[in-house]
Amino acid sequence: MIDKASPLQRRLPWAVFTAVIAVFAWLVIRDAWLCDDAFITLRVVDNFQNGYGLRWNVVERVQVFTHPLWCLTLLIVTGIFGNLALTTLWSSIVVSNAAFALIVPRPGQHSSQLVLLALMIPASKAVVQYSTSGLEGPLSFLLLALLVLACGGLEPAWGRWDRWVPLLAAAIVLTRQDLLLVVAPLCIAWLVRKGIRRAAIPLLAGAGAVAVWELFSLIYYGSLVPNTALAKLSTGMTLSVKAAQGLRYVGDFVVRDPSGFLVLALCLVLLVAVRRDLQARAVATGIALYVLYIVSIGGDFMSGRFFTAPVFLAVAETVRTAGDRSRLPALAITGTGIASILLVAAHLFGFNGFSSEVISRNGIADERDFYAPALSLAKLLDGQAIERVGWVHDAKEWRDKGPSGLITDTVGLSGFYGGPDVHILDVVALSDPLLSRLPAKSDSR
């Protein structure tokens, strides 16, 4: 009996490991979609591939994308495979699944209970949604996973990645600049552990990578920050007004993605109250700083988007933390694993929070719910639904007229399908260098 049971005991951990990864992959593919903002970057990619440079409107140089490294990634993969929209979507699926697979503990070295902790990531509606969307989420997830592992992964093999921490942090900042708040405390903890003499060269390499892009951005675009940052942050509104809207954004996250909120809160408690080591507290500090930043800027109009990186990082560090059983009780690991299974089961069976509103009265939208009817993976593969979108139809009419101008607030789809001969005047200022420097309307989203 013992001999017959041994192969089963060896296979069970791998079965659990495979099932956990398959659940995440299924949810990401099931919910795969592109948002209008993704096509802002895709227009730049399309213009570059057609010889116009990294430009939105071909007669002016404006950095309309918030994610330089993701834009560069799309330039490469779409240059190889073509079909910008579908290639972006499949690239997002591959990269996000690679990120998730990195943080799932390998069987044989860790218990199945520890593997189940990784299910806290697909429990979050927002994380699953922004594992695609065409924005920088997948790349930020992958780089955050690598950063956590390089700082002190579950397996000794990750120790050789220790020297790459500053470069990984730099890559995260180049993926999205405000993620500096998330990774800075972790880098400081790494510096304390390494010592300034051993850390000097890696730090210079990381700082140099960011400096190279900033120098290019200053020369080519005339600005150190994306135009989108100017449009969204230079609103002229008081801090109290922005903070009030930021708190509404937090409340929207709680209502629309309660599982994600519970996961984030639980992980922060485990990191601060249970683990108590320098790296765990550095991760918790970075997440806290980022949440304060989210509130201070008034949140965002995309429900849950800004919470995806904190949730992913919190779970990644919690999984790493839980690997040290001397610090985290087995009962806590088991209980968290069971809770993760229940939360994912709710997600699998269609629970999407406590609000069915597409756009709330506070102007915060479930963007996937709005765009999926035309821009889900299935619809893009079919190719017919996008042709019936009014913005796309109108943009193609303007394109067929020859060189022209178009005033719109749906700049992504309009700009991409309008082509380089249509000059877009963006009334929400994401791509307009003049309007982005003017105060926002008091009732704007």
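The values are calculated or read from the model by the stated rules, or taken from the named source; none is laboratory data. Small disclaimer: the values here were computed from a predicted structure and weren't measured. When we count neighbours, we look across all protein chains shown, and the Cβ atoms used for this are built from the backbone with ideal geometry, even at glycine. The protein model used for the area step is the full one, side chains on, heavy atoms only, and it has no ligands, DNA or RNA in it. Shrake-Rupley method; radii C 1.70, N 1.55, O 1.52, S 1.80 Å.
General observations
- Restricting attention to the stretch 27-39, the residues that are assigned to a helix (DSSP H, G or I) and either open to solvent by 10 Å² or more (accessible area, probe 1.4 Å) or more than 17 Å from VAL77 (Cα to Cα) (or both) add up to 6.
- Inter-residue pairs, beta-carbon under 7 Å, first free of Cβ contacts under 8 Å to residues at least 24 places away in the same chain and in the stretch 420-445, second in a loop (DSSP other than H, G, I, E, B) and of a type in the set (Asp, Glu), 6+ apart: LEU425/ASP432; ASP426/ASP432; VAL427/ASP409
- Set side by side, the residues LEU413, LEU430, LEU438 differ, and just one is closer than 20 Å to TRP33 by Cα and either modelled with pLDDT of 85 or more or exposed (fewer than 12 other Cβ atoms within 10 Å of the Cβ) (or both), which is LEU413.
- Residue match in the stretch 287-297 (condition: open to solvent by less than 20 Å² (accessible area, probe 1.4 Å) and of a type in the set (A, V, I, L, M, F, W, C)): yes
- Taking each residue of the stretch 375-396 that is touching a residue at least 12 places away in the same chain (Cβ under 8 Å) and looking for partners that are of a type in the set (Lys, Arg) and part of a helix (DSSP H, G or I) with beta-carbon atoms closer than 6 Å, six or more apart or interchain, yields ALA385/LYS379.
This table checks each residue for (1) at pLDDT below 90; (2) surrounded by fewer than 17 Cβ atoms within 10 Å (Cβ to Cβ); (3) of a type outside the set (A, V, I, L, M, F, W, C); (4) part of a helix (DSSP H, G or I).
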position: CYS187; (1), (2), (3), (4): no, no, no, yes
position: ALA207; (1), (2), (3), (4): no, yes, no, yes
position: ILE219; (1), (2), (3), (4): no, yes, no, yes
position: SER223; (1), (2), (3), (4): no, no, yes, no
position: THR228; (1), (2), (3), (4): no, no, yes, yes
position: GLY236; (1), (2), (3), (4): yes, yes, yes, no
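- Verdict on VAL58 being touching a residue at least 60 places away in the same chain (Cβ under 8 Å), among the aliphatic types (A, V, I, L, M) and in a loop (DSSP other than H, G, I, E, B): yes
- Residues of the stretch 353-392 that are open to solvent by 20 Å² or more (accessible area, probe 1.4 Å) and in contact with a Cys (Cβ under 9 Å, 6 or more places away or on another chain): ARG368, PHE370, TYR371.
- Flag if ASP421 is open to solvent by 30 Å² or more (accessible area, probe 1.4 Å), over 26 Å from the mean Cα position of the chain (by Cα) and modelled with pLDDT of 90 or more: yes
- Search result, residues across the stretch 40-74 that are of a type in the set (D, E, K, R) and either closer than 22 Å to LEU143 by Cβ or crowded, with 22+ Cβ neighbours inside 10 Å (or both): ARG43
- Breaking point among (1) open to solvent by less than 20 Å² (accessible area, probe 1.4 Å); (2) among the hydrophobic types (A, V, I, L, M, F, W, C); (3) closer than 22 Å to MET302 by Cβ; (4) at pLDDT 95 or above, for LEU142: (1)
- Selection within the stretch 189-205 - open to solvent by 30 Å² or more (accessible area, probe 1.4 Å) and under 11 Å from ARG163 (Cα atoms): LEU191, LYS194, ARG198, ALA200, ILE201, LEU203, ALA205
- TRP213 vs. criteria farther than 29 Å from ILE338 by Cα and modelled with pLDDT under 95: no
- Flag for LEU271 being over 24 Å from MET302 (Cα atoms) and buried (at least 16 other Cβ atoms within 10 Å of the Cβ): yes
- Residue match in the stretch 72-84 (condition: in contact (Cβ under 8 Å) with a residue 40 or more places away in the chain and in a helix (DSSP H, G or I)): yes
- Looking at the stretch 257-329, the helices (runs of 4 or more DSSP H) lying wholly inside it that each contain 1 or more residues that are modelled with pLDDT under 95, basic (Lys, Arg) and out of contact with any strand residue (DSSP E or B) (no Cβ under 9 Å at 6 or more places or on another chain) sit at 278-296, 308-322.
- Yes/no for ARG160 being of a type outside the set (Asp, Glu), under 26 Å from ARG106 (Cβ atoms) and surrounded by fewer than 13 Cβ atoms within 10 Å (Cβ to Cβ): yes
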